[in-house]
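Worksheet: the structure to be examined is printed underneath.
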Amino acid sequence: MVWSLDEDTVFQVTRDRTSGEFCCFFYGSDRDELVRLLGEAEQELDVWRIPELLNEPYEETDPRMLVQSIFRLGLGAPPVHSPEFMPPLANALAHENPMVRAAAARTTAYMEWPELFPIVQAMAEGDTDQRVQAEAEKIVTVYRRAGLGDA
């Protein structure tokens, strides 16, 4: 759902189909107003905090719960590469469970950081599980369509 807050500001709530998680976004050109609205939302809503996003993948032992924490990590990541998000993502990308690796590959599509393209491409070309390779191939295509990978 999308609401226009004023002539310049839009608030959007969406439910991600893959993870089932709800995400909220503010759009507009007045940065100060966006910061104010984000602060207000953080006060009123149960939002993910960066430490939660970064630590939760290490705390989960159930692969399904780990997958959810990785999806949240990707959904909550900043729009530009942030090195602090790499260790938990890298652990999931190299996890022994193929389901977790496939989910981690899919998570990189939320982030769309060009720095992740070579990692996902390597998974598409050489992961030991065909399902993981297939998922990574889909994400390689997403990156290429977005102009974030090689041609």
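The values are calculated or read from the model by the stated rules, or taken from the named source; none is laboratory data. Just so it is clear, the structure is predicted and the values come from calculations on it, not from any experiment. Heads up, the Cβs are rebuilt from the backbone with ideal geometry, glycines too, and the neighbour counts pull from every protein chain shown. Protein only, heavy atoms only, side chains kept; ligands, DNA and RNA dropped before computing areas. Shrake-Rupley method; radii C 1.70, N 1.55, O 1.52, S 1.80 Å.
Counting only residues that are open to solvent by 40 Å² or more (accessible area, probe 1.4 Å) and either within 22 Å of PRO83 (Cβ to Cβ) or of a type in the set (Asp, Glu) (or both), how many does the range 120-141 have?
3
Looking at the structure I just gave you, is ARG49 of a type in the set (D, E, K, R) and in contact with a helix residue (DSSP H, G or I) (Cβ under 9 Å, 6 or more places away or on another chain)?
yes
Sort out which residues of the range 14-26 are open to solvent by 40 Å² or more (accessible area, probe 1.4 Å) and out of contact with any Asp or Glu (no Cβ under 9 Å at 6 or more places or on another chain), and write them in order of number.
Scanning the range 14-26 gives THR14, ARG17, THR18, CYS24, PHE25.
Look through the range 65-78, keep the residues that are free of Cβ contacts under 8 Å to residues at least 24 places away in the same chain and open to solvent by 20 Å² or more (accessible area, probe 1.4 Å), and return whichever of them is farthest from ARG49 (Cα to Cα).
The qualifying residue farthest from ARG49 (Cα to Cα) is MET65.
What residue, of VAL67, VAL100, is outside any loop (DSSP other than H, G, I, E, B), farther than 26 Å from PHE25 by Cα and among the hydrophobic types (A, V, I, L, M, F, W, C)?
VAL100
Within the bounds of the range 99-119, is there any residue that is closer than 20 Å to ASP16 by Cα, of a type in the set (Ser, Thr, Tyr), under 14 Å from the mean Cα position of the chain (by Cα) and open to solvent by 20 Å² or more (accessible area, probe 1.4 Å)?
yes
Can you tell me which of GLU96, GLU60, GLU33, GLU84 is open to solvent by 30 Å² or more (accessible area, probe 1.4 Å), within 24 Å of ALA136 (Cα to Cα), touching a residue at least 24 places away in the same chain (Cβ under 8 Å) and not aliphatic (A, V, I, L, M)?
Result: GLU84 is the single residue among GLU96, GLU60, GLU33, GLU84 that is open to solvent by 30 Å² or more (accessible area, probe 1.4 Å), within 24 Å of ALA136 (Cα to Cα), touching a residue at least 24 places away in the same chain (Cβ under 8 Å) and not aliphatic (A, V, I, L, M).
Every residue, every condition in (1) within 13 Å of the chain's Cα centre (by Cα); (2) at pLDDT 90 or above; (3) part of a helix (DSSP H, G or I), yes or no:
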residue	(1), (2), (3)
PHE11	no, yes, no
CYS23	yes, no, no
LEU53	yes, yes, yes
LEU73	yes, yes, yes
PRO79	yes, no, no
PRO87	no, yes, yes
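What is the residue count in the range 27-51 for residues that are outside any helix (DSSP H, G or I) and under 26 Å from ALA104 (Cα atoms)?
Total meeting the criteria: 4.
Going by what's in this entry, would THR9 be described as polar (S, T, N, Q), in contact with a Gly (Cβ under 9 Å, 6 or more places away or on another chain) and free of Cβ contacts under 8 Å to residues at least 40 places away in the same chain?
Against the criterion (polar (S, T, N, Q), in contact with a Gly (Cβ under 9 Å, 6 or more places away or on another chain) and free of Cβ contacts under 8 Å to residues at least 40 places away in the same chain), THR9 qualifies.
Given the structure, is ASP150 at negative phi, touching a residue at least 24 places away in the same chain (Cβ under 8 Å) and touching a Phe, Trp or Tyr at 6+ places or on another chain (Cβ under 9 Å)?
Spelling it out, ASP150 is indeed at negative phi, touching a residue at least 24 places away in the same chain (Cβ under 8 Å) and touching a Phe, Trp or Tyr at 6+ places or on another chain (Cβ under 9 Å).
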